[in-house]
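Read the figures in this text as sums done on the coordinates, not as results from a lab. Computed from a prediction, not measured in an experiment: that's the story for all the values here. Virtual Cβ from ideal backbone geometry, glycine too; neighbours counted across all protein chains shown.
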Amino acid sequence: MAQRVAVQDGASKKTARVRVAVRLRPYMGKLDEKSEGPCVRGLDAQNLEIINWRNATETVKYNFDVFHGEQTTQQDVFLSSVKPILPHILNGQNASVFAYGPTGAGKTHTMMGSSDEPGVIPRAVRAIFNMVKAKNEAEGWDYSIGMSYLEIYNEKVLDLLSPGSQDLPIREDKDKNILIPGLTHTTITSFSDFDKQFVPASLNRTTASTKLNQRSSRSHAILLIKVVRTQRVLPHRQQTGKLYLIDLAGSEDNRRTGNQGIRLKESGAINLSLFTLSKVVDSLNSGTAVRVPYRDSKLTRLLQDSLGGSAHSVMITNIAPEYKYYFDTFSALNFASKSKLIVNKPFTCETVAVPALPVKRAREDHEAGGSGTEPQKKRQKDERKSEQEGSSPSSHFNSLSQPSVMDRLVALEKLMMKRQDKDGLSVLKDVAQEIQVLKDRQREFESKAMLFSRLAGEKSSAKQDAAFKNTTAPLQRRQATATKVNKQQAVVQPLQVSQLHPLQQLAVIKKQSVCVKKKERKLSDQVEPPDGKENVVENCWESQLDTSMLENSTQKILHVLNNGSLKELKGLQQIGDKKAKLILGWREIHGHFTRLEDLLKVEGMTEKRFSSFKKANILSSMGK
Ligand code: ADP
Ligand code: MG
């Protein structure tokens, strides 16, 4: 009788990382009713960027092991992300490939594909047969290939090769192999043999999906290909390699997308597996995990011997470029990568005419402007710092993208299940409290989503569809202003173009405001002396300015604060030698001013001095 052996290779003691690839599917005009264009684009073979919803003049750049752009073919994805792991299966090791991402982003296309463009699954199975065929007889092993096909739906394990079967248990044998007693396992002798079984079983799933309200997008489809090799001579050693190929449930938040058909239990259960998967991948990739929470869901329990450990795993995160997927894309990217940074492009977007500067000064400002000439490395270092300090917009978003609502729903579910053991009233009280917290979170999320769609709407009206085709990211369009600026002047303009605008087009735009007591005050009159008394205008001067100009000036000042030499700092209003040195010192220690208000952290900068500094510098930068 053949003797099973545990395979030990050099890596078996180590916990392997999950390789993360991201695939961006092509933009589909029909899914973009407002013709807003894409909100995400690839940069190179490992990086992409997405608009930052909190500040549309910024993008967030992510880094992955591999980035597959829109033009990537099925063959490219297979060759780079899947083929390299297949030889391990023939050597008795385990592997898993899973497609993650929101519904509609291309998971099924990536995994199954179509007859014209077969995906990872048919290509991998074909390649395994070819590899076995190519094995040298002299090595002395016989190979047998088998398949199982199952679905995890609602935390139930269902056999797709035997429709109608009941929930199956997941067990672990004494060698820590995970198995499912009762699951159909069929030997396959060729690719066409595989196809004959796989296609109808997949159709089974599709038929069920239409009946059961798009069940397929809410279940995990798991194909297992098992390769057993047996030595021909004594002691007939036997090695088993397992390859899991998984089309995961959609990662979208069903509550946010208004999927009313989902009951609490179902929704929590679907996400329990995905949520636990994210925790498992996180702890494997951070390398610091004391306990990888495999046992917390059916999916991760099933994958326990094929994800991490000595197994080879690849996650292909599928994303879609249209704005309607924005939040799901963002959260999928946050799941896929902890490596990101904010890329600031403050000067590439203006929607009103900007101050005409003397040519020399304009050039200086542009050079200092950071959008093109500043050494990239330093800028990235600064940006990374601001990320780490948690003051960047994405860190706020990131906290939102954490599935704490999911956590709470799952906990709520457990709480309700336990109700027999507890005093009824106290359970009800706990449940009511939980629901309140969830409602608050939901409201918070919705208001942010509204804010984003407003930003996206503004962007759409700016007709920047082509933006991704050139090198300028589509950035936020500022609100229209009170000045009569003709249409041509209201388009996005790089700063240097602004030299051409005469001074009278600019401005400090006075909105109708009860705060303004004096009409037509000169700019210089509005600048308070350092110790000047506040008057009515003091409190509302900002509201009199056009927001985009205010932002522009703020960015210029920030740029000097972050990059200026001692001399340049002293060139700021109300900054003398001592203050300039203190600012330099602060920069040395803390790195980066992310907002003007950070100046308050500099020694000696009182509220009053700061507000006076801010006003003097903003108005002066506009007046120049
Ligand atoms: P999911 O399984 O994530 O819900 P699908 O694979 O069904 O998404 O993809 C949604 C639609 O987009 C399908 O019509 C699919 O053919 C198409 N699609 C997805 N990815 C690509 C791609 N890389 N190239 C061309 N079409 C794609
Ligand atoms: Mg699908």
**Item:** For segment 274-326: span of alpha carbons on each principal axis (Å, largest first)
**Value:** 38, 19, 19
**Request:** List the residues whose amide H sits under 5 Å from the amide H of Thr317, counting only those 5 or more places along or on another chain, with H placed 1.01 Å from N in the peptide plane.
**Result:** Ala21, Val22, Arg23, Tyr100
**Message:** If packing is taken as the average count of other Cβ atoms within 10 Å, what order do 93-101, 133-141 fall into, highest mean first?
**Reply:** 93-101, 133-141
**Prompt:** Which of rounded, prolate, oblate describes segment 102-193, given a ≥ b ≥ c as roots of the alpha-carbon gyration tensor eigenvalues and a/c under 1.5 marking rounded, otherwise prolate only if a/b is larger than b/c?
**Reply:** oblate
**Hydrodynamic radius by Kirkwood, which averages 1/r over all alpha carbon pairs of segment 54-100, in angstrom** = 13.6
**Request:** Past 19 Å, Cα to Cα, is the threshold; run Lys30/Lys324; Lys83/Lys226; Lys34/Lys61; Lys61/Lys556; Lys581/Lys601; Lys83/Lys133 against it and keep the listed order.
**Result:** Lys34/Lys61; Lys61/Lys556
**Asked** Non-local amide H neighbours of His312 (under 5 Å, H modeled in plane, Pro and chain starts lacking H): which ones?
**Response** Asn94, Ala95, Ser96
**Projected label distance in nm at Asp175 and His236, using a 7 Å step from Cα toward the beta-carbon** = 1.5
